[in-house]
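Reading through the structure tokens given below for one structure.
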Amino acid sequence: MKSILFLLSGNAIKIASAHNLDLQNCEIIKLDEKELSKPIKMVALIKQYSGFNIYFGTIENRFQRFQTFIKIYLFLTLTFNGSIIDECGNKNKFNIIKFLFFEIPLLFIEFLYSAILVIYYHFKVYWLKWKYTKN
Amino acid sequence: MEIHEKLNVLFWRVGFYGALTEGGVASLYRGLLDAFVQLGNQTAFASSGPMNLPSETDFHLIEYSKLLRNLPEILTFPYNDSSLKKILKIAEKFQPHFFYLHHHDFHYGGAKLKEKTGLPFLLHFDSIEYWVKKNWGKLYFGNLLKWCEKIEVAQADAIITISDVLKKQACEFYQIPPEKVYPVPNGVDTNIFHPNIDGKEIRKKYGLEGKFVVGYSGTFNAYHGVDLIAQATKKIMDNTPNSIVFFIGDGALREKVEEILKHDGVRNKVVITGLVPYSEVPKHLAACDLLVSPIIHNHKDEFFGTPIKHYEYKAMGKPIIASSIGTLKDVFEHKVNSYTIEPNSVEAIVDAINEIYNNPELANHISHNARRDAELKHSWQVNAKRIIEIYQKIRK
């Protein structure tokens with residue numbers, strides 16, 4: 001089956017080599033990380049390649065943001081064979097159980113925690129600004 | 001003979017940049033740290049991601065929280081506290097004479113580190129983050145961002161801006177006393193970028209042999225004016241015999257550039273390399289006969305940047321065609337070390353290339369002067385010495 005590599009960062013040859021991907025049978029599509037914040041565009045893009053093996057390529061998954069959103073787009077397009085892969089050979093594979101019972105609840109916790117952080121840091125930084133700039 | 005005390009310098013990069021080890025900031029610190037080491041100083045570097053730095057530098061990774069990786073901006077808030085704990089331990093062990101922090105949005109850790117350690121605080125300020133977010137990105141939590149920037153600029157003992165223009169803008173925006181702001185433009189490693197590099201291998205690789213190669217190197221984004229070169233490409237090829245445009249780089253405007261080239265029917269007649277590893281950039285520049293940088297203004301404000309590529313261009317000893325705007329007026333002098341053009345003009349690019357092509361004497365003259373400038377004014381060693389001078393001044 002043909003593969004699609006959405007290249008978020010890094011070198012496609014290194015990524016392919018780390019995951020034994022046949023580049024002859026793989027279309028590489030460069031994708032700016034900013035595009036991940038556009039759900040309609042992302043869903044349409046992935047849908048365009050339904051039936052293909054879908055990969056999102058990065059330099060190193062450990063430092064890649066927005067991985068849960070990538071999984072959401074894979075879920076919405078029913079692309080259950082999608083993965084986030086990197087130059088080091090790491091693979092974050094879409095798994096429906098992990099997605100529904102771990103990653104989505106964790107995202108909700110992240111939203112909640114973020115809301116608390118926004119409020120807390122507005123107070124804290126306002127106070128720090130007063131403290132450090134009063135003279 | 002020049003004598004200075006050997007210093008321990010702690011560098012701190014706090015922005016989230018993933019695992020990218022290339023790009024302007026990476027080049028800056030690779031060059032600057034190498035220069036500090038060459039001058040006999042000890043260096044330590046703490047960063048949120050991997051870096052390719054000189055082996056003599058003591059590197060420390062201070063990672064962002066793994067829980068906060070799906071929403072923009074917010075991940076930086078708690079990083080102020082978590083990174084502070086770690087940087088304090090590094091400072092305690094390394095005993096720096098001063099610390100050099102790369103300014104980043106929503107970060108106020110420099111003020112806290114200074115308060116806790118009493119160390120002199122030098123802030124590397126390459127943009128007003130509030131302005132950048134408002135004009136180039138998306139501005140969330142604007143007040144919070146301004147407060148953080150105010151804290152850092154108020155507490156820094158010296159603010160190192162990358163240009164005079166940025167100094168002026170920052171002083172006005174945050175009411176900073178001008179006497180604590182020191183412009184130190186970016187630089188270049190003149191041993192890595194030099195005129196004796198052989199570009200034959202790259203010419204062969206991309207089918208550039210026997211052609212007059214017009215080169216552009218850098219990020220494909222709005223202010224670099226890469227779309228102007230794309231618009232000029234057909235005319236360049238029509239006006240300058242046997243010429244080819246060689247785009248070295250990649251970025252957000254890649255799609256737009258490709259569209260322009262396709263529309264003009266020249267996509268198949270140019271080369272776009274995509275992202276090139278930093279170590280390969282000198283060879284790519286060496287493959288060019290001239291280098292172009294048609295930088296445009298930042299929205300309505302004066303151009304404040306000093307892109308590193310300009311110093312790399314100069315160090316290569318190639319004829320340069322560049323816009324003369326903002327800070328670049330100090331870098332490029334018409335028919336002395338470059339051929340300067342008015343910004344936003346496709347015609348000016350085309351005419352300038354044609355003139356350089358037809359006037360080899362002028363091309364040689366400006367190339368020679370550009371290289372001399374790079375050696376005398378723009379090397380990282382010059383910048384490192386300047387930073388040490390600033391530290392010595394604030395220490396008094």
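Here are the numbers for the structure shown:
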{"item": "Identity of the residue in region B:238-287, among the basic types (Lys, Arg) and closer than 28 Å to B:Asn359 by Cβ, that ends up farthest from the chain's Cα centre (by Cα)", "result": "B:Lys269"}
{"item": "Criterion: assigned to a loop (DSSP other than H, G, I, E, B) and more than 11 Å from chain B (Cβ to nearest Cβ) - qualifying residue of A:Leu74, A:Leu21", "result": "A:Leu21"}
{"item": "Subset of region A:44-59 that is assigned to a loop (DSSP other than H, G, I, E, B) and open to solvent by less than 40 Å² (accessible area, probe 1.4 Å) - its residue that is farthest from the other protein chains (Cβ to nearest Cβ)", "result": "A:Tyr49"}
{"item": "Exclusive hit being closer than 20 Å to B:Ile197 by Cβ and either surrounded by fewer than 21 Cβ atoms within 10 Å (Cβ to Cβ) or outside the structural domain of B:Ala230 (by TED's automatic domain parsing) (or both), set B:Ala363, B:Ala315", "result": "B:Ala363"}
{"item": "Residue ranges of helices (runs of 4 or more DSSP H) in region B:106-208 with at least 2 members more than 21 Å from the chain's Cα centre (by Cα) and more than 20 Å from B:Phe304 (Cα to Cα)", "result": "B:109-117, B:142-155, B:200-205"}
{"item": "Looking only at region B:63-98, and only at residues there that are closer than 20 Å to B:Leu122 by Cα and not in a helix (DSSP H, G or I), the one that is most open to solvent (accessible area, probe 1.4 Å)", "result": "B:Gln95"}
{"item": "Residue, farthest from the other protein chains (Cβ to nearest Cβ), within region A:85-135, restricted to residues that are part of a helix (DSSP H, G or I) and acidic (Asp, Glu)", "result": "A:Glu103"}
{"item": "Members of region B:28-57 that are assigned to a loop (DSSP other than H, G, I, E, B) and surrounded by 19 or more Cβ atoms within 10 Å (Cβ to Cβ)", "result": "B:Asn41, B:Ser48, B:Gly49, B:Met51, B:Leu53, B:Thr57"}
{"item": "Neighbours by Cβ (under 6 Å, 6+ apart or cross-chain): first from region B:219-233, closer than 18 Å to B:Lys262 by Cα; second in a helix (DSSP H, G or I) and among the charged types (D, E, K, R)", "result": "B:Phe220/B:Arg254; B:Asp227/B:Lys256"}
{"item": "Tabulated pairs, region B:269-285, first at negative phi and free of Cβ contacts under 8 Å to residues at least 60 places away in the same chain, second open to solvent by less than 20 Å² (accessible area, probe 1.4 Å) and part of a strand (DSSP E or B), C-beta under 8 angstrom, 6+ apart or interchain", "result": "B:Lys269/B:Ile244; B:Val270/B:Ile244; B:Val270/B:Val245; B:Val270/B:Phe246; B:Val270/B:Phe247; B:Ile272/B:Phe247; B:Val276/B:Ile248; B:Val276/B:Gly249"}
{"item": "Qualifying residue in region A:24-43 (condition: part of a helix (DSSP H, G or I), within 13 Å of another protein chain (Cβ to nearest Cβ), under 30 Å from B:Ser47 (Cα atoms) and of a type in the set (A, V, I, L, M))", "result": "yes"}
{"item": "Lone qualifier among B:Ile356, B:Ile394, B:Ile387 - being under 27 Å from B:Leu261 (Cα atoms) and either β-branched (Val, Ile, Thr) or surrounded by fewer than 22 Cβ atoms within 10 Å (Cβ to Cβ) (or both)", "result": "B:Ile356"}
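The values are calculated or read from the model by the stated rules, or taken from the named source; none is laboratory data. These figures come from a predicted structure and were not determined experimentally. In this analysis, Cβ positions are derived from the backbone assuming ideal geometry, glycine residues included, and neighbour counts consider all displayed protein chains. Just so you know, the surface numbers come from the protein's heavy atoms only, side chains and all, with ligands and any DNA or RNA stripped out. Shrake-Rupley method; radii C 1.70, N 1.55, O 1.52, S 1.80 Å.
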